[in-house]
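Here's the structure, in C-alpha cells; my notes come after.
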Amino acid sequence: MRIQDIPSVSQILNRMESLASLAENPKELVSFPELVEKALTSERSKIPTAEPEIPSKLPNSSQLAIPWNPSSLKDQDLKQKNEGSKSSEILETIERIATEQGIDPKLVKAIVKAESNFKPNAVSPKGAMGLMQLMPKTAEALGVEEPFNPEDNITGGVTYLKSLFREFKDPTKAIAAYNAGPGAVRKYGAVPPYRETKEYVEKVKNYYLR
C-alpha cells in the first residue's frame with residue numbers, strides 16, 4: 001500500500017460524520033428506498049394497537065371455580081349466623097311473594113327445597129338458575145333480569161307456577177308441569193311417565209307435608 005493511499009485523520013472523521021447522518025435516514029443507505037419504506041411499514045403493522053377482542057360468549061357460571069373456601073373462615077359462629085340470616089330472608093321473601101300471588105307459601109318452599117335446596121346461586125347441568133331453577137328462556141319470558149337474585153327469581157318462579165295452576169287446575173299436574181314442562185302434561189293428560197318427574201312430584205309432596 002502506498003503512503004498516499006492511507007486516508008488522513010480528517011478524512012476518516014468526515015466519513016464517520018457522513019455515515020452517522022445517513023443512519024438517521026435509512027432510505028439513503030440503499031439504492032432502493034421504496035423497499036426500505038415497505039419493510040418499515042411491514043414491521044409497524046406487527047405492533048398491536050387495538051384492544052384485545054372480547055369473546056361474545058362467556059363461560060357458563062357453572063364452569064367457573066370460586067377460589068375461596070368458606071370453611072377456611074376462622075369465625076364459624078359468624079358464618080352460621082350469616083347463613084341463618086340469609087335463609088330467614090329467603091323464607092320471608094317466599095312468604096310475601098306467594099301470598100301476594102295467591103299461592104300457598106308452603107308449596108313454594110317445597111319446590112324451592114326440591115329444586116335448589118335454598119341455594120340462590122345454584123345452577124343445574126341443564127342451565128337452570130337460582131332458587132326456583134328457572135331455565136334461561138323461561139326467565140327471559142317472565143322478565144327475570146337477575147335470576148340469581150332471590151327476589152327476582154322467586155317472583156318469576158311463583159308467576160310461572162301460578163300460570164300452571166290456572167291451566168291444569170290440579171296441584172299434582174302443576175307440579176309435574178313445573179318439572180317436565182306443560183307440553184308433557186298436556187300430551188299425557190296426567191303426570192308424564194318419566195321417572196324423574198314422578199320422583200320430583202313425590203319429593204315436593206313430602207316436603208310440603210313436612
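The values are calculated or read from the model by the stated rules, or taken from the named source; none is laboratory data. Keep in mind that this is a model prediction, so the values were computed, not measured. Virtual Cβ from ideal backbone geometry, glycine too; neighbours counted across all protein chains shown.
Here 110, 114 are screened, and the one residue that is of a type outside the set (S, T, N, Q), crowded, with 21+ Cβ neighbours inside 10 Å and touching a residue at least 40 places away in the same chain (Cβ under 8 Å) is 114. Taking the criterion of being at pLDDT 95 or above and either closer than 18 Å to residue 171 by Cβ or not in a helix (DSSP H, G or I) (or both), the only residue of region 71-96 that qualifies is 94.
For residue 170, the criteria (1) more than 30 Å from the chain's Cα centre (by Cα); (2) modelled with pLDDT of 95 or more; (3) not hydrophobic (A, V, I, L, M, F, W, C) hold in every case but one, which is (2).
Just for region 169-210: of the residues that are among the aromatic types (Phe, Trp, Tyr) and free of Cβ contacts under 8 Å to residues at least 24 places away in the same chain, which one is farthest from residue 95 (Cα to Cα)? Taking the candidates together, the pick is 188.
Listed here are the residues, each with its yes/no results for (1) assigned to a loop (DSSP other than H, G, I, E, B); (2) surrounded by 14 or more Cβ atoms within 10 Å (Cβ to Cβ); (3) of a type in the set (Gly, Ala, Ser).
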| residue | (1), (2), (3) |
| --- | --- |
| 132 | yes, yes, no |
| 137 | no, no, no |
| 153 | no, yes, no |
| 157 | no, yes, yes |
| 161 | no, yes, no |
| 172 | no, yes, no |
| 179 | no, yes, no |
